[in-house]
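Working notes, structure below.
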Amino acid sequence: MISTAPPLPTLLVIPTGIGCAVGGYAGDALPAARLLAAASGCLITHPNVMNGAALYWSDPRIHYVEGSSLDRFAAGELLLQPVRQQRVGLLLDAGIEPELRQRHLQVADGCRATLGLDIGPVVITDRPLEVSLSLGASGVSWGQLGQPEALLRAGRQLKAAGATAIAVVARFPDDSDSEALAAYRQGSGVDALAGAEAVISHLLSRELGLPCAHAPALSPLPLDPDLDPRAAGEELGFTFLPCVLVGLSRAPDLLPAATPPCGGGAGSPSLGIEAVGAVIAPAGALGGAAVLACAERGIPVIAVHNPCLLEVTAEALGLEVIAASSTSEAAGLVLALREGIAPAALRRPLPPLRRQD
Amino acid sequence: MSGVQLRPLLLQLERQSGSLREQVEAAVGAHGTPLRWAITAVQQRPEMPPLLQIEAVVLSDGTSEASDA
């Protein structure tokens, strides 16, 4: 079915590092994003959904927005301005070994030569960023950065040199023998890297006001014959960088909400939260900034059954939501909203109207 | 932003009426500039408002006390 109704801008949020069955691995929510982009005609989502290491999908209906910028968009602080192409600066951690650094530079060159992306300049931080990994009290992946100012200095240098978006590659600790990594690769654990990745991109995007995303630099892992297909995207190459470069290459500009409307470089008007018609999130992970901001604005929240570590449900928070048993059902609900069909009319039993006292 | 540091936080917050997002951001913001946060658990209590567990990372100037997490 092809909808002829105008697009219904829709937010898809699948929080990073909480072990979601769909979206907790290597870009394994990408099929869901593609379906929801087709149903809505305009999907706004974040790198955790779209990044499959060497695998990616570019769709002009999907806006790639880093998580903290997505939160600020949902809060009405930012507008998204589609662009034809970003100039993606490459920020490399000084802690990356020379050979691994060269691998990343070759990936960037490959994306220039094969995909036509505008990448550069390249800046190496003036000291190692000292990334460390940790889990929170809930088991959620968090993480730390020992040298945040070194990250910011390099980011400012890239911005001053003309980069309009920034891809960050930080050296992450290798833990190839850990039980957590083994569980993740076999489809039953949390992505231990995700929390620190989010911290890095949040910090940079917040301070510079540019689209940013992160790829970890890691030593190659030994072959695992029991690898879960959802984690397989991360085992295809020497780096996780291609998806980040592709995502950022057409990520929308981030404009302060007070910016007057304009046509923008891609000829499309800027997009604000008031245009958004639905937000989709895992039913057990509704306690994030973007979902709460949307709910408080009266934007319909579609809570999808997507098991994860958390049980922060609509009932626990007192939110009114539309429940969906799967992404497929969520896509049907988005299409209904886009076509002006009340979701309640699609469910049975359909209670009779009651007169208001 | 000289001497900036990232601090992990673990907070508990009794839910009040009004904007939940603003309550969480105010609680987290008391410890630094919120960089990333989420409500990670909700404890329902009889005759009392729910108790929210919040995990967060904030930016601080490096002079604050050690992490609550």
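Details
- Dimensionless Rg over Rh [segment A:210-357; C-alpha; Kirkwood]: 1.05
- Descending Cα extents along the principal axes, chain A, whole Å: 72, 48, 35
- Once both labels are positioned 7 Å from their Cα atoms along Cα-to-Cβ, the gap between A:Glu315 and A:Arg153 label points is 5.3 nm.
- The loop-placed trypsin sites (Lys or Arg not before Pro) in segment A:263-357, going by DSSP, that have at most 10 neighbouring Cβ atoms within 10 Å of their Cβ come out as A:Arg354, A:Arg355.
- Label-zone membership for segment A:1-24, site A:Arg347, 7 angstrom Cα→C-beta point, backbone N under 14 Å: none
- Alpha-carbon Debye profile of segment A:116-237, log10 I(q)/I(0) at 0.14, 0.17 Å⁻¹: -0.67, -0.92
- Gaussian network model of chain A, Cα within-10 Å springs - most flexible of A:Ser68, A:Ser178, A:Ser58: A:Ser178
- Once the Cα-Cα distance is subtracted from the 0.36 nm per residue extended length, the A:Ile124 to A:Glu339 segment shows a gain of 72.5 nm.
- Each distinct pair of alpha carbons in segment B:5-60 adds a 1/r term; the inverse of their mean, the Kirkwood radius, is 11.5 Å.
- Within a Gaussian network of chain A (alpha carbon springs, distance under 10 Å), most fluctuating of A:Thr114, A:Thr313, A:Thr327: A:Thr114
- Computed label-point distance, nm, for sites A:Ala182 and A:Leu236 using a 7 Å Cα→Cβ extension: 2.8 nm
- Applying a length cut-off of 20 Å (Cα extent along the axis) and a mean Kyte-Doolittle floor of -1.0 to the DSSP H helices of chain A leaves A:98-115, A:194-208.
- Segment A:232-249-segment A:114-186 distance, computed between alpha-carbon centres (Å): 13 Å
- Sparse packing (at most 14 other Cβ atoms within 10 Å of the Cβ) combined with a DSSP loop state is found for none of the GluC sites (Glu not before Pro) in segment A:55-149.
- The relative contact order of segment B:5-60 comes to 51 percent, based on Cα pairs under 8 Å that sit 6 or more residues apart.
- Evaluating kT/(6 pi eta Rh) at 25 °C and 0.890 mPa s, with the Kirkwood radius of segment A:284-357 over Cα pairs in the Stokes-Einstein relation, gives 179 µm² s⁻¹.
- Taken along the Cα-to-beta-carbon direction at a fixed 7 Å, the label points for A:Ser219 and A:Arg354 span 6.6 nm.
- Helix content alone sets the calculated 222 nm mean residue ellipticity of chain A: runs of n ≥ 4 DSSP H residues at -39500 (n - 2.57) each, divided across all residues, give -9000 deg cm²/dmol.
Every number here is computed from the coordinates shown, using simple stated rules; none is lab data. What you are looking at is a predicted structure, and each value in this text was computed from that prediction instead of being measured. In this analysis, Cβ positions are derived from the backbone assuming ideal geometry, glycine residues included, and neighbour counts consider all displayed protein chains.
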